[in-house]
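What follows is calculated from the coordinates using simple rules that are stated; it is not laboratory data. Quick caveat, the model's predicted, so the values are computed rather than measured. Glycine gets a Cβ as well: all are built from the backbone with ideal geometry, and neighbour counts include every protein chain shown.
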Amino acid sequence: MSDRMLTMAEAVREAMSIAFDERPEVFLLGEDVGIYGGAFGVSADMYHRYGAERVLDTPIAELGIVGAAVGAALAGMRPIVEIQFSDFTAQAMDQIANQAAKIHFMLGGALHVPMVLRTPQGSGTGAAAQHSQNLEPWFASVPGLKVVVPSNPADAKGLLLSAIDDPNPVIFLEHKLLYKIPGRDSVPVGSGRIPLGVAKVVREGKDLTIVATGIMVNKSWEVCEKLAAEGISITLIDPRTISPLDMQPVYESVEKTGRLLVVQEGPSHAGFINEVIAQMAGSSSFGSLIAPIKRLAGMNIPIPYAPQLEKAAVPQIEDIEIAARDIVKNWR
Amino acid sequence: MTTAPLLIGHPLASKEHARHALLYMCRIRKFEEAVEDLFGRGMMHGTMHLSIGQEASPTGMCMALNLTDQITSTHRGHGHCIAKGADLTRMIAELLGKEIGYCGGRGGSMHIADVDTGNLGANGVVGGGIPIAAGAALASKMMKSGKVVVSFFGDGAMNEGAFHEAANLAAIWKLPMILFCENNKYGMSSSTEKAFAIDNLKDRALGYGIPSVNVDGNDVVAVYEQAQIAADRARNGEGPTLIVAETYRWKGHSRSDKNLYRTKEEIEEWRLLDPIPKFVEKILESKLMEQSEIDAIQAEAQDQVIAAVNEAVKAKSAEPSGLLAAVFKEISA
């Protein structure tokens, strides 16, 4: 069988199914993950294939179910817990930030928490402020959590398999707009892993480096294509794992391009992408920059409801295009 | 090493059982007195939460558990750790910030875990351990390991959402779990009268479809007897039980407590209900031991704690050099 085009929902489901087949201790729990197939259809038919015990429907109780995942992980299982919307992790934050993240360190290494928390994030569905947030910095700022933000189906599959293998808690943030669309690249068959903590150079160019996370990688790709026709060539880097963060490819690229644009969906204030800027500013590659670093991020507002308002709240392709063209044209 | 072998069974089943129950209650008492003393003399930093006066509850509960059964504990957790079999030297060493401490100095008083004795960890967040215990009980059920999981918590935790969510999960999934509330009457300064609109905390269980029982938390025999029933239910697949052990915290909540919210008279009344003499009386009635043997056990507990303190004081201090590497567990090939 050859590689296929899959959507991210299909790729995530395939990774979970492979892990289910490989390890009896892997199971999925969450609200409506069973016969309903998950709010976004990610678990789909897994309930029928693996049974109610391994595809475990829970009451609406995010703190309780994440806590149950933590406890099951401590006791030898490998739970994948799905939180229906990343916004609802707020309900479970004690178990995520105070328990899962700290147990291995705080208890002197006596116990560890091999748990994956998968959750859809991001705006663009008209679901308004409590169902549309990008919470990358919440998780990235807690030592003890690994945080993965896949931008395409192939990466989602390989990264999720690594996340399930990992003996530590991993937060896996899936953008809901990517669930139903096929990626640009086919998804390998088989059980190949993509290691956590390794950034991906999506394409290489000489005029500008763009670092973007999640869905912003896809939007930036469109810009790269469009500006290539104008003779502007861009390196696009997807960190894939925002904790731990692999900056090496960013340094190497900036040394060649001399220009850096960073793009994230979440609000600019204290956002994750600021960490990329901070590390760049403190690195020996900083001297290679011939232009000020440009940041594109969401407005510092809750995500609004109406489509035109929602669009205005986060960077769009046109915004990235303008920023990229300006930085290349204005700094030579 | 200052670990004594664990013994399972009724505290009055034999002389050995009586000895075990008394020794463990005295170990908890002497340990906490030593901790208070070390704090008083400025040899420990941070804070600590003493459970002096509550020793019968963890001791009675843990005598109904196998070594492989598991517990989650609380910020006031020294008693749970000791009752489940933790090593006194490593506990003191942790409080003193030593390398041989249970957490290598990274956790302190509120974060002692001991995998060898089934202790999944004390917890600095009120109610934090209850969902974790439910998860461990879920694992027990899924892995068919036969393990019972006990979550110890205080009355204060029963007003946390974590209690509600975990109790409901335990009930609907019929988990092999015991929800063990030590009702010591105060969540820091808030009395149960102020924090609950029900008179009896065990009534909360009705809302989850869980059986529940009150027990004299200062009577190690009574605690054991209810613990045994609950453990049997769990082992037989009949699901969780809520035990509410009525007890009292003699000391303040933590070091900063000036006891402004309760009277000296109330504390004195409860001191008269000291769980240790209460059990001694029962031992003497049962004629399992003479007073001289009882005195010897109490002295033995004191000696064990002194030996643990002496060994821990001499141990090497924890170093900051390994901190970064300790955040994540290494991925094994």
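Skipping prolines and chain starts, which residues have an amide H placed within reach, meaning under 5 Å, of the one on residue B:150, given they are 5 or more residues away or on another chain?
Residues meeting the criterion, in which the H sits 1.01 Å from N, are B:70, B:71, B:72, B:178.
With the alpha-carbon atoms as the only input, what is the per residue convex hull volume for segment B:164-284 in Å³?
Numbers: hull volume 14.3 nm³, N = 121.
With only Cα atoms used, segment B:164-284 gives 118 Å³ per residue.
Over the Cα atoms of chain B, compute the convex hull volume and normalise it per residue, giving Å³. Write out the running numbers ahead of the final one.
On the way: hull volume 47.2 nm³, N = 333.
Normalising the Cα hull of chain B by residue number yields 142 Å³.
Give the Kirkwood hydrodynamic radius (Å, one decimal) of segment A:158-252, defined as one over the mean of 1/r across all pairs of different Cα atoms. Walk me through the numbers before you get to the answer.
Details: mean 1/r = 0.0682 Å⁻¹.
Taking the inverse mean of 1/r over all distinct Cα pairs, segment A:158-252 comes out at 14.7 Å.
Stretch residue A:317-residue A:22 to full length: gain in nm at 0.36 nm per residue minus the Cα-Cα span?
Values: separation 295, 0.36 × 295 = 106.20 nm, distance 4.02 nm.
Gain in length upon complete extension: 102.2 nm.
By how many nm would the segment from residue A:198 to residue A:330 lengthen if fully extended, with 0.36 nm per residue of separation less the alpha-carbon distance?
Details: separation 132, 0.36 × 132 = 47.52 nm, distance 3.20 nm.
The span from residue A:198 to residue A:330 would gain 44.3 nm if fully extended.
Dimensions of segment B:178-229 along principal axes (Cα, Å, largest first)?
32, 27, 15
Which chymotrypsin sites (Phe, Trp or Tyr not before Pro) in segment A:1-100 pass both tests, a DSSP loop state and at most 13 other beta-carbon atoms within 10 Å?
Working: sites: A:20, A:27, A:36, A:40, A:47, A:50, A:85, A:88; in loops: A:36, A:40, A:85.
Taking segment A:1-100 and a limit of 13 other Cβ atoms within 10 Å, the loop chymotrypsin sites (Phe, Trp or Tyr not before Pro) found are A:36.
What is the mean projected area of the alpha carbon convex hull for the protein assembly as shown, to one decimal in square nanometres?
On the way: hull surface 127.5 nm².
If I average the Cα hull's projected area over directions, I get 31.9 nm².
Which ³J(HN,Hα) values, rounded to whole Hz and listed in residue order, are derived for segment B:193-198 from phi using the Karplus coefficients 6.51, -1.76 and 1.60 in 6.51 cos²θ - 1.76 cosθ + 1.60 with θ = phi - 60°, glycine and proline given as x?
Using θ = phi - 60°, the values come out as 4, 7, 9, 10, 9, 9 Hz.
Residues of A:112-121, mean number of Cβ from any other protein chain within 10 Å of their own Cβ, rounded to a whole number? Could you put the intermediate results ahead of the total?
Values: counts 3, 2, 1, 1, 0, 0, 0, 0, 0, 0.
So the per-residue partner count for this stretch is 1.
Could you pull the Rg and Dmax for segment A:66-167, using just the Cα atoms, both in Å?
13.9, 45
Of all trypsin sites (Lys or Arg not before Pro) in segment B:39-122, which ones are in loop regions per DSSP and have a Cβ with at most 16 other Cβ atoms within 10 Å?
On the way: sites: B:41, B:76, B:84, B:90, B:98, B:106; in loops: B:41, B:76, B:106.
When the trypsin sites (Lys or Arg not before Pro) of segment B:39-122 are filtered for loop state and at most 16 Cβ neighbours within 10 Å, B:41 remain.
If I model a spin label as a point 7 Å beyond the Cα along the Cα-Cβ vector, how far apart are those points for residue A:90 and residue B:321 in nm?
Inter-label distance under the simple model: 4.5 nm.
Taking a cut-off of 17 Å between Cα atoms, list the aspartates and glutamates near residue B:251, but don't count ones fewer than 8 places away on the same chain.
B:32, B:33, B:36, B:37, B:55, B:155, B:182, B:265, B:266, B:268, B:269, B:274
Given points 7 Å out from each Cα along the Cα-Cβ axis, report the residue A:222 to residue B:193 separation in nanometres with one decimal.
Taking the simple label geometry, residue A:222 and residue B:193 are separated by 6.6 nm.
Once you treat every alpha carbon in chain A as an equal point and sum by Debye, what is log10 I(q)/I(0) at q = 0.11 Å⁻¹?
Debye intensities relative to I(0), on a log10 scale: -0.68.
Above 17 angstrom, tally the Cα pairs of segment B:78-207 and express them as a % of all pairs, no decimals.
Working: 5159 of 8385 pairs.
Above the 17 Å cut-off, segment B:78-207 has 62 percent of its Cα pairs.
Within the P(r) computed for segment A:8-178, what percentage of the Cα pairs occupies the region above 23 Å?
Numbers: 4553 of 14535 pairs.
Counting pairs separated by more than 23 Å, the tail of P(r) holds 31 percent.
Can you compute the label reach from residue A:229? Point 7 Å from Cα along the Cβ direction, backbone N cut-off under 15 Å, restricted to segment A:291-332.
A:318, A:321-322
In a Debye calculation with equal point scatterers on the alpha-carbon sites of segment A:1-102 and no solvent, what is log10 I(q)/I(0) at q = 0.10, 0.14, 0.24 Å⁻¹?
-0.28, -0.53, -1.33
For the pair residue B:99 and residue B:269, how long in nm is the line joining their label points, each one 7 Å along Cα→Cβ?
Inter-label distance under the simple model: 5.2 nm.
Quick one: of B:84/B:314; B:185/B:258; B:258/B:282; B:84/B:141; B:98/B:141, which pairs are farther than 28 Å apart, Cα to Cα?
Values: B:84/B:314 25 Å; B:185/B:258 16 Å; B:258/B:282 35 Å; B:84/B:141 21 Å; B:98/B:141 37 Å.
Long pairs (Cα-Cα over 28 Å): B:258/B:282; B:98/B:141.
Work out from phi, with θ = phi - 60° and the Karplus expression 6.51 cos²θ - 1.76 cosθ + 1.60, the ³J(HN,Hα) of each residue of segment B:151-161, listed in order in whole Hz, and give x for Gly and Pro.
Computed from phi, the couplings for segment B:151-161 are 9, 7, 7, x, 4, x, 5, 6, 9, 7, x Hz.
Counting alpha carbon pairs within less than 8 Å and at least 6 residues apart, what relative contact order, in whole percent, applies to chain B? Working shown, then result.
Values: 661 pairs, mean separation 78.5, N = 333.
In percent, rounded to a whole number, it is 24.
How about segment B:289-328: which GluC sites (Glu not before Pro) there lie in a loop by DSSP and see at most 11 other Cβ atoms within 10 Å? Walk me through the numbers on the way to the answer.
On the way: sites: B:290, B:293, B:300, B:311; in loops: B:290.
Counting only loop positions with at most 11 other Cβ atoms within 10 Å, the GluC sites (Glu not before Pro) in segment B:289-328 are B:290.
Taking N as the number of residues in segment A:200-330, what is its Cα Rg relative to 2.2 N^0.38 Å?
Values: Rg = 14.0 Å, N = 131, 2.2 N^0.38 = 14.0 Å.
That ratio works out to 1.00.
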